[in-house]
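What follows is a short report on a single structure.
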Amino acid sequence: MLIFSKTQGFRHSSIEKGAQVLKQLLDKEKITSDHSEDAGLFTDQGLKKYDAIIFLSTTGNILDETQQDAFVRYIQSGKGFVGIHAATDTEFDWPWYNGLVGAYFASHPAVQNAKIDVVDRKHIATKHLDPVWWHKDEWYNFKDVKEGLHVLMNLDEKSYNGGKMGINIRFPGAKIMMEERFLYRTGAYRRVL
């Protein structure tokens with residue numbers, strides 16, 4: 001698995017710790033991983049050894065056109081993708097990527113507790129959670145939200161200040177596309193990873 005955390009915009013201070021924690025979790029599951037910020041890996045040959053790529057708080061335009069084309073071919077070959085936190089603050093000028101992550105970052109209020117209703121308790125990412133989950137994090141407001149997202153949880157905007165998406169917003173939604181191999185998780189900002 002490739003943990004990719006290149007930034008061309010805001011850089012979250014939690015990236016290094018997040019990459020360490022991800023590597024530890026993957027090691028525990030006996031999954032080999034590399035952490036890199038080298039977009040030069042995004043070639044057919046460079047991505048070949050990875051079954052999935054994690055975009056960990058990436059920001060800005062991080063891939064050139066040739067690298068984007070290689071990433072598209074990688075995903076179309078059936079490989080997986082996980083976007084964490086600022087992955088939606090990435091590649092704003094690339095419609096294909098917007099379709100992959102499901103929405104783009106617009107803004108966020110201050111870090112605070114919020115109520116999350118788990119609406120799909122059968123999905124592997126949420127089946128271990130109680131029906132209602134309270135969590136403190138940096139809650140994103142999104143733009144260009146794509147239709148057809150498989151919603152795993154709803155973030156209750158009545159439970160915190162500064163939400164601009166409507167009463168219940170999609171939080172972390174799994175994008176159903178090409179055999180459900182893609183997941184986006186908005187939280188994970190806080191350094192308590």
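Take every Cα pair under 8 Å whose residues are at least 6 apart in sequence, average their separation, divide by the length of the chain, and the relative contact order is 20 percent.
With a threshold of 28 Å on the Cα-Cα distance, the over-threshold entries among K6/K158; K79/K143; K49/K115; K23/K79 are K6/K158; K49/K115. For the chain, a Kirkwood radius taken over Cα pairs fed into Stokes-Einstein (20 °C, viscosity 1.002 mPa s) yields D = 126 µm²/s.
Applied to the stretch 68-77, the Karplus parametrisation 6.51 cos²θ - 1.76 cosθ + 1.60 on θ = phi - 60° returns per-residue 3J(HN,Hα) values of 4, 4, 5, 5, 4, 4, 4, 5, 5, 6 Hz, with x for Gly and Pro.
Using a probe of 1.4 angstrom, how much of the accessible area of the chain is carbon and sulfur, in percent? It would help to have the intermediate numbers written out before the result.
Values: 4810 of 9690 Å².
Here it works out to 50 percent.
In the chain, helices alone account for a calculated mean residue ellipticity at 222 nm of -5500 deg cm²/dmol, with every DSSP H run of four or more residues adding -39,500 (n - 2.57). DSSP loop trypsin sites (Lys or Arg not before Pro) in the stretch 18-59 with at most 14 other Cβ atoms within 10 Å of their Cβ, which ones? The qualifying sites are K30, K48, K49. Shape call for the stretch 60-149 from the C-alpha gyration tensor, a ≥ b ≥ c root eigenvalues: rounded (a/c under 1.5), prolate (a/b greater than b/c) or oblate? In terms of gyration-tensor shape, oblate.
Taking the longest Cα principal axis of the chain as reference, the axis of helix 15-28 is set at about 80 degrees.
The values are calculated or read from the model by the stated rules, or taken from the named source; none is laboratory data. Predicted model, so just to flag it, every value in this text is computed and none were measured. Cβ sites come from the backbone with ideal geometry, for glycine too, and all protein chains shown count toward neighbours. Accessible surface areas use protein heavy atoms only, side chains included; no ligands, DNA or RNA. Shrake-Rupley method; radii C 1.70, N 1.55, O 1.52, S 1.80 Å.
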